[in-house]
Structures are given as C-alpha cells and as structure tokens.
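A short write-up of the structure that comes next.
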Amino acid sequence: MMRSAPDPQTGGTARFPSLPLPPRAGAGLKPEHVDQILADTQRIGFLEVHAENYMGDGGAPHRALTAIRREFPLSVHGVGLSIGSESGIDHAHLERLARVVERYEPAMVSEHLAWSSHDAGYFNDLLPVPYNAETLARVVAHVGRIQDRLKRHILIENPSTYVAFEETTMSEADFIREIATRSGCGLLLDVNNVFVSATNHGWKPLQYLRRFPLELVEEIHLAGHAEDTDDEGDVLLIDAHDRPVADAVWKLYEIVISQTGALPTLIEWDNDVPDWPVLRREARLADAILDRLGPASLLGSRHAAE
Amino acid sequence: MPPSEPARRSAQSEFSAALINPDLPPPVGVSGPRGKGARKRFAVYRNTVTVTRIDALADIFPAVQRLVGADFFRGMARIYLAQEPPVSAVLFEYGQGLAAFLERFEPVSELPYLPDVSRLERAWLDAFHAADADPLAPAALGAVPAEDLGDLTFTPHPAARMVRSRTAAVSIFSASREQRPLETIRPLEPEDGLITRPAHEVQVRLLPPGAADFFKALMTGATLAEAATLALGRQPGFDLPAAISAMLEAGIFSACSLSPAKTEHPQ
C-alpha cells in the first residue's frame, strides 16, 4: 500500500485527513448511497461501516470507502470478531480487521459483546453470553488482545438478547462496566438494544441506564426493531434494523443525551435499506435532539474522539 | 443436573448444536426471564442464523437462484449449509464448494450447466474483490522490439479468472444475470468464459475457440510464442492477432517482461 510520510499537521499520515467523530448524527454506509452522500449539500456528520465488508483486497468497495473517508469522519464497526467466544479470538480475523484499520485510519473502532463463531462455523449472528466471572475474564482478555494488536482503544457495544442464562450472576450493566474498567475500552451504547433487551427480559430501561456507566460512552447507536411474541404470548422485540427508530427509543435517547451531552449517534438501517433521503431524515431527527438537549446536559458536552 | 458439571460439553458447543439442529430443544441453562420458556426466544437466533446464511449464498449466486427458482434454491442451500457451513466472518468468500456440491446433488442433475454457472458467479465475486492493478497498456507491447515479442511472459491481473465448461454456462450465466430469455441457448455447447476487471466493472467474456488455451498458457507463465504454438496446435483456425487485442482490451494481464531464458542468454 502506498503511504506517505507522517504529516505533522494531523499527527497521522497524509493519506487521509484526521477527522474525529463529531457529536452529531451519522449513518451506516450502504454502497447504493455513496454517490448521493458525496453529492449531498446537507452533509451527514459521519459514516460507519461493517469492517467485514471491506476485508477484500480491492475493487469497488474500497474505491467507494476511500472517497467517503477523504471527506467524512469514519467509524469501523466489526461484526465478526466473536469477542465472547469460548474458543478465543481468531488470529486471521483480527489480522483482517487490523488491515482495514490501518488502511482507513478510522476515528473509531467498535465491536460487540457477543459471539458468532464456533467449531460449527460462522453463524452471522450476535449470540449472547452469560454474565459471570468466567465470561468476564474471557471477554476482558479478548478486548485486551484486540486493543494491543490495533494499538488503539476500541468501543464495546451492549447487545440485544432474547434469552437468559441460569449461569448469569451479574447484571448486564455491571458486567459491561467491569469490561471497560478492566480492559480500558470505551463503550458504545445502543439505545435500541437497551429497549429491546429490557422489554424481552422484563427490565426497566431507565433502571438499566442508571446502572450503566454513561460516562464511558463514546458513541450511540439507534435502530428500528420488530415485534413478535414469546412462548407465553408476551411481546418479544427483535433487533431487526429494518425500519425507523421507534418513538419509545427516541424518548430513551433524549434521556441519555440530556445526561451525557451530545455524542456521535449512528442510525443503523441494514435490512430493507431505504433511499438515502429517508435515512438522512432519521439522522436529522437525532441531530435535532443533540442540538436541543446536548448543551444543557448533566455531564456537559463532551467530544468522543481524542 | 448442575449446569457446571465438568464432563459436559462447553456451553457454546451446546448452543451451537441447537442452533443448527431445529429438532433439538433450546440448550440446558437457557431460558426466558423468571423461568419463562425459551422455545420461541431461542428460535429467533436459529432463524437469523439460517436465514442470513441462506441470504448470503443467494447474494453470491443470483444466476443459480434464478435458474432453479427461489424456493428450490433456499431448500437446496439448507442442505449445502449443513454440509459446508461458512467458516469465516467474511461472508463474500463463502460458497467456494457450491460447484462441487451441485455436481453431486441429484435433484439438479438435469441441469448439467449449473455447476459451471456457479463457478462463474464465484469467480465474478472473487474478481470484484480482487486487488487493484492497472491492466497492461497496449503501449507496453509496442515498446518491445518485434524480434523479442515471442519471448514475453505476462503477469496475470489479480482479478483475472477463467472458467472452461463442457456446457453453455457462459451464455446461460450472462442471460440469467441480465434477466434475458434462455430459450435460444443450446445448453450443451462447450464454452470458455473469461472474467476480468479492466477498469472498475467486472466483465465476463465468452472466448472464441483456442483463446482459452492461449490465455491459460500465458496466465501460467508460458511465453507468447509457446502459448501461440499451443493454441494453434489445438485449434488451427486460432486468430492470434485478435486474441492479443482481446487480451489487452479485457485486461487479463497487469505487466509483461522478457522471460529469464531470453534475458540471461541473448540470441
């Protein structure tokens, strides 16, 4: 790869400008939106990509992402490292992630509190872990290994879950706080996931947020969810990412922002992807909340990126 | 039974087994809150795993799906998935073994072109993600003295692939991808397909007789003279000038050089 000498102005290389994630709304990047995003006069705050989609050597995906990265702050969000896996972090996959990070010098790198790979292959889903000392030690070790390899700190995202484990001994919020405290990672708070998991497990979302270490949150995710029912006929929410953000999730987001101040906020819409103006409209709704509630927040306005 | 009994399989092994086998109950120790059942809850994971894996396969092989129909494709994909699940989180690399599976899969034995159509689709996606390189410029050949041309060897472009078929797989692939009718295609006509990415778009070409022998020889390191002799030997009507201009237009190669034998021992 061609690389230039370090640029004293940015502290990085001159290949891309140094652009931290702003405390504004961003969008998940879809190939079909790239031209419109680049031409849009109402510029989106930042873009986020799934790292795995850019693990090829070259071609159209890299050409598009290079054009985006030159003009917009970028967040790289991994979906395949399987941080909760009993069988450890896959060396080859971590190397692939490192290559994406070296190639694009993103403002942020994040992954999930979940597992997705086992001997039976790659499941392409974010599977749950029990919250106890054994899982905690494993996840902390894995996050440490990732941060050592990438030579930077990453964010870990709270999951949406549908089942509980008898082996769980800690609350999810406490478990996530311990991961961050012991590994030094930051947190990505997915407000839709809080709402989905709280509904599915009979928690109160506000109680969850009261326990959650909001001071460690550096980015927020918002997405739409679908509604189903469980064995007893009660509501079971599915983290579908296929529709607008629900009103109840916007309300929860307002509460979060009024406490944390403005934070980079991603709209995720991965299935039944709409036209760009529809996705941008969701982002503008988040921007309006950030403008209205961010400055008056309890913790004060913070900039997530260093 | 205590959940942490030492001899039992690991929790994620149990979870994995139940994910891919719908006949198994949810794993031991997995429930809804406050002792609620986990059957439908666990099925959310099971469904996501199955559906998104099949969707990934359908995204990679749209022509195969069109040729067999969506319902048949999804049923067939389940069987393939059970035999050869994806091993990597890089799902666009999945399906390397689908062609071999289709060759053995009795219900599609009446569609003899199907395995090679799937090879073309797999090669198309490999070409799409291949490393970037400028194709060999025509001027590079022009700069070589005429007497040295026969000793040239070529570096394949990272996106270049070839699929040789005993069926009309190339025509069927192209018609299927472009949603054109298939009726006029004679399915048992042998065809050779060339996959390249000369600029930004992946291209699939149907090669004239002899061209595949010629390009294959060049791609595996033969000199221009050796490749031409081989192609002419197999196909007396082989059109060398046309093949060379097609080779430059398609961008099969990214560089050329005089072969070591020539440079070490001039004349």
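The values are calculated or read from the model by the stated rules, or taken from the named source; none is laboratory data. These numbers come from a predicted model, not from an experiment. Reconstructed Cβ throughout: ideal geometry from the backbone, glycine too, with neighbour counts over all protein chains shown. Each accessible area value is taken on the protein alone, full model and side chains, heavy atoms only, with ligands, DNA and RNA left out. Shrake-Rupley method; radii C 1.70, N 1.55, O 1.52, S 1.80 Å.
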(request) Express in nm, to one decimal, how much length is gained between B:Glu249 and B:Asp132 on full extension, taking 0.36 nm for each residue of separation and deducting their alpha carbon distance. (result) 40.5 nm
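Nearest 5 is fine: what % of DSSP beta bridges in chain A come out antiparallel, could you say? Intermediate values should be presented prior to the final figure.
On the way: 8 of 34 bridges.
Roughly 25 percent of the beta bridges in chain A run antiparallel, per DSSP.
Averaged per residue, what accessible surface does the stretch A:25-293 expose to a 1.4 Å probe, in Å²? Before the final figure, lay out the partial values.
Values: 9380 Å² over 269 residues.
Accessible area per residue: 35 Å².
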(message) Place a point 7 Å from the Cα of A:Arg182 along the Cα-to-Cβ direction; which residues of the stretch A:109-135 have their backbone N under 18 Å from it?
(response) A:112-115, A:129-135
(request) State, to one decimal in nm, how far the label point of B:Ala100 lies from the label point of A:Thr41, with both points 7 Å from Cα in the Cβ direction. (result) 5.7
(request) Using a cut-off of 10 Å between beta-carbons, work out the net charge of the residues near A:Pro73 (Lys and Arg +1, Asp and Glu -1, A:Pro73 not included). (result) 0
(message) What does the extension gain come out to for A:Glu102 and A:Glu32, with contour length at 0.36 nm per residue minus their alpha carbon separation?
(response) 22.7 nm
(message) To the nearest 20 Debye, how big is the dipole of the stretch A:13-146 about its Cα centre, given +1 on the beta carbon of each Lys and Arg and -1 on that of each Asp and Glu?
(response) 500
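Counting only other chains, what is the mean number of Cβ atoms within 10 angstrom of the Cβ of each residue in peptide B:86-98? Before the final figure, lay out each step's value.
On the way: counts 5, 6, 10, 19, 11, 7, 5, 2, 3, 0, 0, 0, 0.
Shielding by partners across B:86-98 averages 5.
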(request) Just grab the label-to-label distance for A:Ala60 and A:Arg149, each label 7 Å out from Cα along the Cβ direction, in nm (one decimal). (result) 2.9
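Under a point-charge model restricted to the Cβ atoms of Lys and Arg (+1) and Asp and Glu (-1), what is the dipole moment magnitude of chain B relative to its Cα centre, in debye to the nearest 20? Kindly include the intermediate steps, with their values, before the conclusion.
Values: 26 positive and 30 negative charges, 352 e Å.
Magnitude of the dipole: close to 1700 debye.
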(message) Suppose the Debye formula is applied to equal point scatterers at every Cα of the stretch B:9-94; what is log10 I(q)/I(0) at q = 0.11 Å⁻¹?
(response) -0.38
(request) Specify which residue in the list A:Ala27, A:Ser110, A:Thr41 is farthest towards the positive end of the charge dipole of chain A, using unit charges on the beta carbon of Lys, Arg (+1) and Asp, Glu (-1), about the Cα centre. (result) A:Thr41
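Considering only the other residues whose Cβ falls under 10 Å of the Cβ of A:Leu222, what net charge follows from Lys and Arg at +1 and Asp and Glu at -1? Write out the running numbers ahead of the final one.
On the way: positive: none; negative: A:Asp190, A:Glu268, A:Glu282.
Net local charge, A:Leu222 excluded: -3.
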(message) Nearest 100 Å² is fine: what is the total accessible surface buried where chains B and A meet, probe 1.4 Å?
(response) 3800
(message) Given the DSSP H assignment, sum -39500 (n - 2.57) over each helix run of at least 4 residues in chain A and divide by its residue total; what's the result at 222 nm in deg cm²/dmol, nearest 500?
(response) -11500 deg cm²/dmol
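In the stretch A:151-243, which GluC sites (Glu not before Pro) are in a loop and have at most 14 other Cβ atoms within 10 Å, using DSSP for the loop call? Provide the component values of the computation, followed by the final result.
On the way: sites: A:Glu157, A:Glu166, A:Glu167, A:Glu172, A:Glu178, A:Glu215, A:Glu218, A:Glu219, A:Glu227, A:Glu232; in loops: A:Glu166, A:Glu167, A:Glu232.
When the GluC sites (Glu not before Pro) of the stretch A:151-243 are filtered for loop state and at most 14 Cβ neighbours within 10 Å, A:Glu166, A:Glu232 remain.
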(message) Using a 7 Å offset from the Cα along the Cα-to-Cβ direction at both B:Leu141 and A:Glu95, what is the distance between the two label points in nm, to one decimal?
(response) 3.8
(request) Can you find, among A:His142, A:Ser297, A:Ala180, the residue farthest towards the positive end of the dipole of chain A? Put +1 on the C-beta of Lys and Arg, -1 on that of Asp and Glu. (result) A:Ser297
(request) Rank-order A:117-128, A:94-105 by packing density, defined as the average count of other C-beta atoms within 10 Å over each peptide's residues, highest first. (result) A:117-128, A:94-105
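Loop-only GluC sites (Glu not before Pro) in the stretch B:47-112, please: DSSP not H, G, I, E or B, and at most 10 other Cβ atoms within 10 Å.
Values: sites: B:Glu93, B:Glu103, B:Glu110; in loops: B:Glu110.
Answer in residue order: B:Glu110.
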(request) Would you please give the residues with an amide H less than 5 Å from that of A:Leu237, counting only those at least 5 places away or on a separate chain, with H modeled from the backbone geometry? (result) A:Asn200, A:Asp228
(request) Over chain B, give the accessible area per residue in Å² for a 1.4 Å probe, as an integer. (result) 49
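At 222 nm, what helix-only mean residue ellipticity would chain B give, in deg cm²/dmol to the nearest 500, using -39500 (n - 2.57) for each DSSP H run of four or more? Intermediate values should be presented prior to the final figure.
Working: 12 runs with 126 residues, N = 267.
Result for chain B: -14000 deg cm²/dmol, rounded to the nearest 500.
Do any trypsin sites (Lys or Arg not before Pro) in the stretch B:1-97 lie in a DSSP loop with no more than 14 other beta carbon atoms within 10 Å, and if so, which? List each step's numbers first, then the result.
Details: sites: B:Arg8, B:Arg9, B:Arg34, B:Lys36, B:Arg39, B:Lys40, B:Arg41, B:Arg46, B:Arg53, B:Arg66, B:Arg74, B:Arg78; in loops: B:Arg8, B:Arg9, B:Lys36.
Loop-located and lightly packed - B:Arg8, B:Arg9.
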(message) At a threshold of 8 angstrom on Cα-Cα distance, excluding pairs fewer than six apart, so keeping six or more, what relative contact order does the stretch B:36-190 reach in percent?
(response) 22
(request) Using only alpha carbons, build the gyration tensor for the protein assembly as shown and give me the equivalent ellipsoid semi-axes, biggest first, whole Å. (result) 48, 30, 21
(request) Would you mind giving the average projected area, over all directions, of the Cα convex hull of chain A in nm² with one decimal? (result) 16.1
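Per-residue mean of other chain beta-carbon atoms within 10 angstrom of the beta-carbon, peptide B:33-40?
Details: counts 8, 3, 2, 9, 3, 5, 2, 8.
The shielding value for this peptide is 5.
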(request) Give the Cα extents of chain B along the principal axes, in whole Å, largest first. (result) 85, 47, 30
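At R0 = 51 Å, how high is the FRET efficiency between A:Ala288 and B:Ala43 if r is their beta carbon distance? Nearest 0.05 is fine. Each step should come with its number before you reach the end.
Working: r = 38 Å, r/R0 = 0.75.
Computed FRET efficiency for A:Ala288 and B:Ala43 comes out at 0.85.
Pop out the carbon and sulfur fraction of the accessible area of the protein assembly as shown as a percent, whole number, probe 1.4 Å.
Roughly 54 percent, rounded to a whole number.
Given the Cα-Cα distance of A:Asp119 and A:Glu134 and 0.36 nm per residue of separation, how much length would full extension add, in nm? Present the calculation step by step, with values, prior to reporting the outcome.
Values: separation 15, 0.36 × 15 = 5.40 nm, distance 2.02 nm.
Working it through step by step, the gained length comes to 3.4 nm.
Averaged across B:50-57, how many Cβ atoms of other chains sit within 10 Å of each residue's Cβ atom? Mind showing how you got there, number by number?
Working: counts 3, 2, 4, 5, 0, 2, 2, 0.
Mean number of neighbouring Cβ atoms from other chains: 2.
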(request) Find which of B:Phe15, B:Ala143, B:Phe128 sits farthest along the positive direction of the dipole of chain B, computed with +1 on the beta-carbon of Lys and Arg, -1 on that of Asp and Glu, about the Cα centre. (result) B:Phe15
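Just the number, please: percent antiparallel of the DSSP beta bridges in the protein assembly as shown, rounded to the nearest 5.
Details: 24 of 50 bridges.
Antiparallel bridges make up about 50 percent of those DSSP assigns within the protein assembly as shown.
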